[in-house]
1. Collect the residues in segment 132-155 that are over 22 Å from Ser107 (Cβ atoms) and open to solvent by less than 40 Å² (accessible area, probe 1.4 Å), keeping them in residue-number order.
2. Being modelled with pLDDT under 95 and open to solvent by less than 20 Å² (accessible area, probe 1.4 Å) is the requirement here; does Phe126 meet it?
3. Taking the options Leu221, Leu298, name whichever one is surrounded by 15 or more Cβ atoms within 10 Å (Cβ to Cβ), closer than 26 Å to Gln33 by Cβ and either of a type outside the set (Asp, Glu) or at pLDDT below 95 (or both).
4. So, of the residues in segment 36-80 that are farther than 22 Å from Gly135 by Cα and aliphatic (A, V, I, L, M), which turns out to be surrounded by the most Cβ atoms within 10 Å (Cβ to Cβ)?
5. Among the residues that make up segment 205-221, is at least one of them more than 17 Å from Asp83 (Cα to Cα), assigned to a loop (DSSP other than H, G, I, E, B) and of a type in the set (A, V, I, L, M)?
6. Take the residues of segment 278-290 that are in contact with a Lys or Arg (Cβ under 9 Å, 6 or more places away or on another chain) and of a type in the set (D, E, K, R): which is most open to solvent (accessible area, probe 1.4 Å)?
7. Restricted to segment 231-277, and to residues that are surrounded by 13 or more Cβ atoms within 10 Å (Cβ to Cβ) and hydroxyl-bearing (Ser, Thr, Tyr), which residue is farthest from the chain's Cα centre (by Cα)?
8. Yes or no: segment 257-271 includes at least one residue that is outside any helix (DSSP H, G or I) and acidic (Asp, Glu).
Amino acid sequence: MNASYDKNSAVVVLPPVRGGRLRDRSLRAWLAQSDLRPADEPRELLAQVTDELGLPYPEEGLAALRMWGQTGDRPTVWIAAADPVYLEPRLDRLWLHALQLTGGVSSDLRGLFDHLQAALADDDRFGFIRLGSNGYLRSDRPISSSAVPACVVDRREPGPFLPTGDDTSVHRNILGEIEMALHGHEVNERRVAEGLQPINSLWLWGGGRAPEKVTRPQPPLFADDPLLTGYWESATAVSDSWPGNFAACAEASVQGFVAVTPEADRRSGALEAYLAELRELLRTRRLRRLVLLFRDGLRADVRSVRTLRFWVRDSELLE
């Protein structure tokens, strides 16, 4: 990001808003009066945020950045993310479900990754690491991996997102061994018995080494997202946990900020409360501009009151 970024604006990541989730009429009108539009295609969060801020997007090493954000230490080895998914067989294709989005997989991953490490790992070549609900594959040499996380592929065919090229055989072989090792594991048998989707594969993505640490001007980050945190850490930029409200973010930063509300926040009325607080920050001119990134792909660019389209009262994008 260059030093000319807008220091009186905020980029905010919010819960989904489509499907009639937003019922407050005044807030619906406020959003409809802004520049509201859907994303052209699903993208992971770091790509959206760096695009909004004009920051460089990493060419590789997204998994290493995420691990950096989780541990606070820069990984020194080649790392790919290895995240839990359910591949649902349909009549003529597979359908991918990103199980991290459903929550409650951390405890199950412990047993599965211990099993993978014992059954498949070769300390000289590769190994498996689990950190919370995130998994990783360590390798002594680069392995082809997807460029996007499982959340981008969720409820879609995985084929178009798999790595391509002449060196994908190692990826296919490792993935085949992983799926065989997971098949019939007691953790998955229990999940099926409880009516849960089994973890029958891992999505390998973001492979590479962590970038060298640099110093780059970026607005303060308030988030618990490890990939974003790792990216900010790699730039020697200020970051902190999500404080629970936007007033605290504005109070801690006089030059704008990036804030990411918790993905797991499913409280009734949370979306309305977030939007009402942001509208007030704009009204009192503590911020001049808001870029709202909703987790279901909508983007709203909200500026001062003078630029709102007052004749618009609603938007079909919110239906």
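The values are calculated or read from the model by the stated rules, or taken from the named source; none is laboratory data. Quantities reported herein were computed from a predicted structural model and do not represent experimental measurements. Cβ atoms come from the backbone with ideal geometry, glycine included; neighbour counts cover every protein chain shown. For the accessible areas, the whole protein counts, side chains as well, though only heavy atoms, and no ligand, DNA or RNA atoms are used. Shrake-Rupley method; radii C 1.70, N 1.55, O 1.52, S 1.80 Å.
1. Ser139, Ile143, Ser144, Ser145, Ser146, Val148, Val152, Val153
2. Answer is yes for this residue.
3. Being surrounded by 15 or more Cβ atoms within 10 Å (Cβ to Cβ), closer than 26 Å to Gln33 by Cβ and either of a type outside the set (Asp, Glu) or at pLDDT below 95 (or both) holds for just one of Leu221, Leu298, which is Leu298.
4. My answer is Val49.
5. Yes, that holds for at least one residue.
6. Arg288
7. The extreme case among them is Ser253.
8. Checking segment 257-271: at least one residue is outside any helix (DSSP H, G or I) and acidic (Asp, Glu).
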